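Quick notes on the structure that follows.
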Amino acid sequence: MKKSLLTTALFALLLMCGAAWGQSYSYPPYDFTSVNADGDTLYYRITSSEPPYTVAVTRCHDSIYHTLPHPQYAWEVGQPGFVYPLYDYDSLITIPSNVTHNNVNYTVTSVDNEAFYEQKGMHTVIFPSTVTIIDTAAFYLSSVEHVEMPNVTHILYGAFTGAPLSSVDIPECIVEIGAYAFDGSHVRHLNLPAGIDTLREYAFYNCPLETVVFHDGIKVVEDFAITARFIDTIVFPGSLEKLGRISINSYAASNHQCKQIVIEESNYPLEIGDECFMYLNNLKTIHLPIRTTALGRGCFAYSGMETIALPQQIRVIPVACFAGCDSLREVVLPENLDTIERNAFYDDTLLKTITIPANVKMIKNEAFRTSGVDSVWMECVEPPLFDRKPFTSSHTIHFTVPCHTMETYQSAPGWSTYS
């Protein structure tokens, strides 16, 4: 490793500013250096000075501008007050399993936060089996394209954010992948081992993922943990209990290839999160498992949904659930449905007929605003309550109600508008 030279003028300026501010700095931030087998100098911080002796590969801030405290989040890295000198690395960095300092043999167990922040030149990094933790922003915006990490169990917040990783083999022993861990990398294929029960938000956001394999054990996929823009089919195992949004967060980027989503059956209840399938314009239908208990706001909004039958445990059609689904022609509502929230079917112009199940108690304001509905079959003996006007249309809507309930509907608040 060769340190990039700082100009004399810049160094003098830093000295003057530092003296003027009267700040104190911890220098250097590492405990010792050691040259690996390839001739690269790596920097180490002692994490245990008693048996078992351990160290972390850390950053080198050879500058009086190294400051404390350290950034807590990836987006804070590189902000004013934190100086990260750049170093020229060889294309291959091999991290040793043990290093010796002052006649003490230390085991290398982790890579520190920001250890290789924005460092260029490296192509491949090979970790020993002793390294189990890759800390926050460890390779943030670095040049690393390939990593080998046979025994890593924790990849923390923003560890590889913005790095041009083209592939990554997630080890079977992994138990944590933090938020933003691979955000903006070039990973195309993801095989997620069973040890991960929660995939954190934005973990693989802005990655050109083409295939994703989830193994039984995953329970929660948080918002934007993956994005389905370039994935044709996604299969979620029966262990899944909550699914967050999987579409790109932009209407302009809504040309998603995803055509099929499969969620396997099990005995675990399943919750579909807000805007989960939003903008998936090639998703024409989906078979939600019978264990589905709840849908999120805007769950299918602006998707390509054409037909769907909702599971019987769903009691609420949430706000804007099917809003803007201009291909939607048929919806089978569950028998246990209790409430249809506002704008649930807003602007669904091809939806001509809807059957309201017998247990519906409330239809909220403009639930069917500017939809194409012209025929409503009411199975409710007791007219549902209205929140202002749920059906708004430029054409006549025909209502069919159960036998002997005509007078009840005509006298119910709001219903006389449609008599």
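The values are calculated or read from the model by the stated rules, or taken from the named source; none is laboratory data. Source: prediction; values computed, not measured. Counting neighbours? That spans all protein chains shown, and the Cβs are built from the backbone with ideal geometry, glycine included. The area values use the complete protein model at the heavy-atom level, side chains included, leaving out ligands, DNA and RNA. Shrake-Rupley method; radii C 1.70, N 1.55, O 1.52, S 1.80 Å.
Tabulated results
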{"read-out": "Close pairs (6 angstrom Cβ cut-off, 6 or more residues apart or separate chains): open to solvent by 30 Å² or more (accessible area, probe 1.4 Å) in the range 42-59, among the small types (G, A, S) and assigned to a strand (DSSP E or B) anywhere", "value": "R45/A56; T47/A56"}
{"read-out": "Neighbours by Cβ (under 8 Å, 6+ apart or cross-chain): first from the range 208-222, free of Cβ contacts under 8 Å to residues at least 24 places away in the same chain; second open to solvent by 40 Å² or more (accessible area, probe 1.4 Å) and of a type in the set (V, I, T)", "value": "V213/V235"}
{"read-out": "Residue that is farthest from P390 (Cα to Cα) [pool: residues in the range 291-336 that are open to solvent by less than 30 Å² (accessible area, probe 1.4 Å) and not in a loop (DSSP other than H, G, I, E, B)]", "value": "T292"}
{"read-out": "Counted residues, the range 365-380 - those being at pLDDT 95 or above and either charged (D, E, K, R) or exposed (fewer than 14 other Cβ atoms within 10 Å of the Cβ) (or both)", "value": "1"}
{"read-out": "Single unsatisfied condition, L190 versus (1) in a loop (DSSP other than H, G, I, E, B); (2) within 15 Å of the chain's Cα centre (by Cα)", "value": "(1)"}
{"read-out": "Qualifying residue in the range 284-296 (condition: out of contact with any Asp or Glu (no Cβ under 7 Å at 6 or more places or on another chain) and in contact (Cβ under 8 Å) with a residue 40 or more places away in the chain)", "value": "no"}
{"read-out": "Residues of the range 132-143 satisfying the condition of being crowded, with 23+ Cβ neighbours inside 10 Å and in a loop (DSSP other than H, G, I, E, B)", "value": "T136, A137, A138, F139, Y140, S142"}
{"read-out": "Looking only at the range 207-216, and only at residues there that are out of contact with any Lys or Arg (no Cβ under 8 Å at 6 or more places or on another chain) and part of a loop (DSSP other than H, G, I, E, B), the one that is surrounded by the fewest Cβ atoms within 10 Å (Cβ to Cβ)", "value": "D216"}
{"read-out": "Counted residues, the range 99-125 - those being outside any loop (DSSP other than H, G, I, E, B) and surrounded by 14 or more Cβ atoms within 10 Å (Cβ to Cβ)", "value": "11"}
{"read-out": "Pair list, Cβ under 6 Å, 6 or more apart: the range 377-391 residue in contact (Cβ under 8 Å) with a residue 24 or more places away in the chain, other residue aliphatic (A, V, I, L, M) and in a strand (DSSP E or B)", "value": "M378/I356; P384/M362; P384/I363; L385/M362; P390/I363"}
{"read-out": "Members of the range 220-250 found to be charged (D, E, K, R) and either touching a His at 6+ places or on another chain (Cβ under 8 Å) or surrounded by 15 or more Cβ atoms within 10 Å (Cβ to Cβ) (or both), listed by number", "value": "E222, D223, R229, E241, K242, R245"}
{"read-out": "Residue check for P150: part of a loop (DSSP other than H, G, I, E, B), open to solvent by 30 Å² or more (accessible area, probe 1.4 Å) and in contact with a Ser or Thr (Cβ under 7 Å, 6 or more places away or on another chain)", "value": "yes"}
{"read-out": "Residue pairs meeting the criteria (Cβ under 7 Å; at least 6 apart or on separate chains; first at pLDDT 85 or above and surrounded by 12 or more Cβ atoms within 10 Å (Cβ to Cβ), in the range 404-417; second β-branched (V, I, T) and not in a helix (DSSP H, G or I))", "value": "T405/V381; Y409/V401"}
{"read-out": "Residues (more than 16 Å from D40 (Cα to Cα) and either touching a strand residue (DSSP E or B) at 6+ places or on another chain (Cβ under 8 Å) or aliphatic (A, V, I, L, M) (or both)) located in the range 112-133", "value": "D112, T130, V131, T132, I133"}
{"read-out": "Flag if P164 is more than 18 Å from T227 (Cα to Cα), assigned to a loop (DSSP other than H, G, I, E, B) and either touching a residue at least 12 places away in the same chain (Cβ under 8 Å) or among the charged types (D, E, K, R) (or both)", "value": "no"}
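Quick grid of which residues meet (1) farther than 17 Å from G244 by Cα; (2) surrounded by fewer than 19 Cβ atoms within 10 Å (Cβ to Cβ):
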residue: G178; (1), (2): no, no
residue: F182; (1), (2): yes, no
residue: S185; (1), (2): yes, no
residue: R188; (1), (2): yes, yes
residue: L192; (1), (2): no, no
residue: D197; (1), (2): no, yes
residue: Y202; (1), (2): no, no
residue: Y205; (1), (2): no, no
residue: I218; (1), (2): no, no
